[in-house]
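**Q** One structure, as structure tokens, below. Some questions next.
The values are calculated or read from the model by the stated rules, or taken from the named source; none is laboratory data. Predicted model only: the values in this text are computed from it and were never measured. All Cβ positions, even for glycine, are placed from backbone atoms using ideal geometry, and neighbour counts span all protein chains on display.
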Amino acid sequence: MSLQDLVLLLVLPLLSLAVVLAFVRLVRGPSLPDRVVALDLIATLVMGIIAVYAIARNQPVLLDVAIVLALLSFLGTVAFARYLERSI
Amino acid sequence: MREIVSAVLVLIGALFMFLAGVGIVRMPDLYTRMSATTKVATLGVGSTLLAVAVYFNELGITSRALATIAFVLLTAPVAAHMIGRAAYFTGVPLWEGTVLDELRGHYNLHTHELESVCFSDLELHLPNIQISKFRIPDLSPVAGKTLAQIELRRKYDVTLLAIRRGSLVLSNPDGNVQLFAGDELILIGLPDKLDEVTGLFRSTRKEVVEGLL
């Protein structure tokens, strides 16, 4: 079993399941901060998915997408937190 | 060999990220959920990025992967702190099994500022003033006297803030309050005045008792 097979057959399904679980929390809430935390987790999980997909497809260029996603998710979370505190 | 190390790292990362997903669904309140998502997911993504660096083994990719890990490690705590703070201020409830809420009563709901007026801070603002706690001994000359009889403020320039009597706390006691042996007094004043007062309270000599009254 090569690393590519391992990633495609085991790791990607596991991560997809984690995204589904985070999505459950996003839908159920109950409060807005819960949803922000769920969105933050989804962004982190997608970063992981991009990284393992770069291995599976042998495309290191995809790592740049993960970097951009890390930047954007941090900014989004900070903006949400500021909005929650009603200080913008 | 590189592939095996990379595979192990990918598996560890995937396992941790899956655990973060389980944690965010199963944990009872926002704050414990955040503990699951920030720490566990950050570790998972870091491990996965490390696997990428090991797998490709090129300088450009390794440096990019390490830079991303460093960025995630720096920003995850900041983001978590900001959400947690905002959630606490907007009144997201804690789990009913929570044992300790150290922020309760110490923050202002409107200005979102933490108020921490404790004795040590007060002493910072008033460097010459000292606050001290004093327990009245059994044979103290003041036991049984009222505050009006002792005249702490007029004679000794010392103010009594509160009396603790067992589990009871008398704050801002007036002149009719009687002192008993075993009471704990919270006194504020200049250090030498405080020493004088506590010395008198401890003494059992007769002339001191006469002088005091």
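**Q** Are there any pairs, at least 6 apart or on different chains, whose C-beta atoms fall under 7 Å, with the first in region B:1-16 and closer than 19 Å to A:A22 by Cβ and modelled with pLDDT under 90 and the second acidic (D, E) and in a helix (DSSP H, G or I), and if so, which?
**A** none
**Q** Residue by residue through region B:84-102, note down the ones that are surrounded by 10 or more Cβ atoms within 10 Å (Cβ to Cβ) and not β-branched (V, I, T).
**A** Taking region B:84-102 first, the residues surrounded by 10 or more Cβ atoms within 10 Å (Cβ to Cβ) are B:84-90, B:92-95, B:98, B:101.
Those that are surrounded by 10 or more Cβ atoms within 10 Å (Cβ to Cβ) and not β-branched (V, I, T): B:G84, B:R85, B:A86, B:A87, B:Y88, B:F89, B:P93, B:L94, B:W95, B:D101.
**Q** Spot the failing condition for B:L73; the list is (1) more than 9 Å from chain A (Cβ to nearest Cβ); (2) in contact (Cβ under 8 Å) with a residue 40 or more places away in the chain, and only one is missed.
**A** Of the numbered conditions (1) more than 9 Å from chain A (Cβ to nearest Cβ); (2) in contact (Cβ under 8 Å) with a residue 40 or more places away in the chain, the odd one out for B:L73 is (2).
Residues checked against (1) exposed (fewer than 14 other Cβ atoms within 10 Å of the Cβ); (2) in a loop (DSSP other than H, G, I, E, B):
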| site | (1), (2) |
| --- | --- |
| B:V142 | no, yes |
| B:R154 | yes, no |
| B:A181 | yes, yes |
| B:I186 | no, no |
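**Q** Which residues, taken from region B:23-47, are among the charged types (D, E, K, R) and more than 7 Å from chain A (Cβ to nearest Cβ)?
**A** Within region B:23-47, B:R26, B:D29, B:K39 meet the criteria.
**Q** Also, quick follow-up: Can you confirm whether region B:24-31 contains a residue that is part of a helix (DSSP H, G or I) and touching a residue at least 40 places away in the same chain (Cβ under 8 Å)?
**A** Yes; the residues of region B:24-31 include at least one that is part of a helix (DSSP H, G or I) and touching a residue at least 40 places away in the same chain (Cβ under 8 Å).
**Q** Please work out which one of (1) within 7 Å of chain B (Cβ to nearest Cβ); (2) surrounded by 15 or more Cβ atoms within 10 Å (Cβ to Cβ) is the condition A:V24 fails and give its number.
**A** Result: A:V24 passes all but (2).
**Q** Inspect region B:30-53 for any residue being more than 26 Å from A:V20 (Cα to Cα) and surrounded by 17 or more Cβ atoms within 10 Å (Cβ to Cβ) and give the result as yes or no.
**A** Going through region B:30-53, the residues more than 26 Å from A:V20 (Cα to Cα) turn out to be B:53.
Imposing the further condition that a residue be surrounded by 17 or more Cβ atoms within 10 Å (Cβ to Cβ) reduces the set to B:53.
Looking for residues that are more than 26 Å from A:V20 (Cα to Cα) and surrounded by 17 or more Cβ atoms within 10 Å (Cβ to Cβ), one finds at least one in region B:30-53, hence yes.
**Q** Could you count how many residues in region B:156-167 are under 13 Å from B:S132 (Cα atoms) and assigned to a loop (DSSP other than H, G, I, E, B)?
**A** So the answer is 1.
**Q** Quick check, is A:Y83 more than 13 Å from B:M82 (Cβ to Cβ) and of a type in the set (F, W, Y)? Break it down into steps so the answer makes sense when it comes.
**A** Numbers: more than 13 Å from B:M82 (Cβ to Cβ): no; of a type in the set (F, W, Y): yes.
It is false that A:Y83 is more than 13 Å from B:M82 (Cβ to Cβ) and of a type in the set (F, W, Y).
**Q** Could you check chain A for helices (runs of 4 or more DSSP H) lying wholly inside it with 3 or more residues that are among the aliphatic types (A, V, I, L, M), in contact (Cβ under 8 Å) with a residue 12 or more places away in the chain and touching a helix residue (DSSP H, G or I) at 6+ places or on another chain (Cβ under 8 Å)? Can you show your working first?
**A** Details: elements: A:3-6, A:12-28, A:32-56, A:62-84.
Because the criterion is at least 3 residues that are among the aliphatic types (A, V, I, L, M), in contact (Cβ under 8 Å) with a residue 12 or more places away in the chain and touching a helix residue (DSSP H, G or I) at 6+ places or on another chain (Cβ under 8 Å), the helices (runs of 4 or more DSSP H) in chain A that meet it are A:12-28, A:32-56, A:62-84.
**Q** Also: So, in region B:81-95, of the ones that are assigned to a loop (DSSP other than H, G, I, E, B) and free of Cβ contacts under 8 Å to residues at least 60 places away in the same chain, which residue ends up nearest to A:L75 (Cα to Cα)? Outline the logic, then answer.
**A** Taking region B:81-95 as the starting set, the residues that turn out to be assigned to a loop (DSSP other than H, G, I, E, B) are B:90-95.
Then keep just the ones that are free of Cβ contacts under 8 Å to residues at least 60 places away in the same chain; that gives B:90-91.
On the way: B:T90: 20, B:G91: 23 Å.
Going through the qualifying residues, I end up with B:T90.
**Q** Could you grab me the full set of residues in region A:44-60 that are over 15 Å from A:L12 (Cα atoms) and more than 9 Å from chain B (Cβ to nearest Cβ)?
**A** Within region A:44-60, A:Q59 is the sole residue that qualifies.
**Q** For B:A65, state whether it is more than 7 Å from chain A (Cβ to nearest Cβ), free of Cβ contacts under 8 Å to residues at least 24 places away in the same chain, crowded, with 18+ Cβ neighbours inside 10 Å and not hydroxyl-bearing (S, T, Y). Break it down stepwise before answering.
**A** Working: more than 7 Å from chain A (Cβ to nearest Cβ): no; free of Cβ contacts under 8 Å to residues at least 24 places away in the same chain: yes; crowded, with 18+ Cβ neighbours inside 10 Å: yes; not hydroxyl-bearing (S, T, Y): yes.
Here the answer is no, as B:A65 does not meet what is asked.
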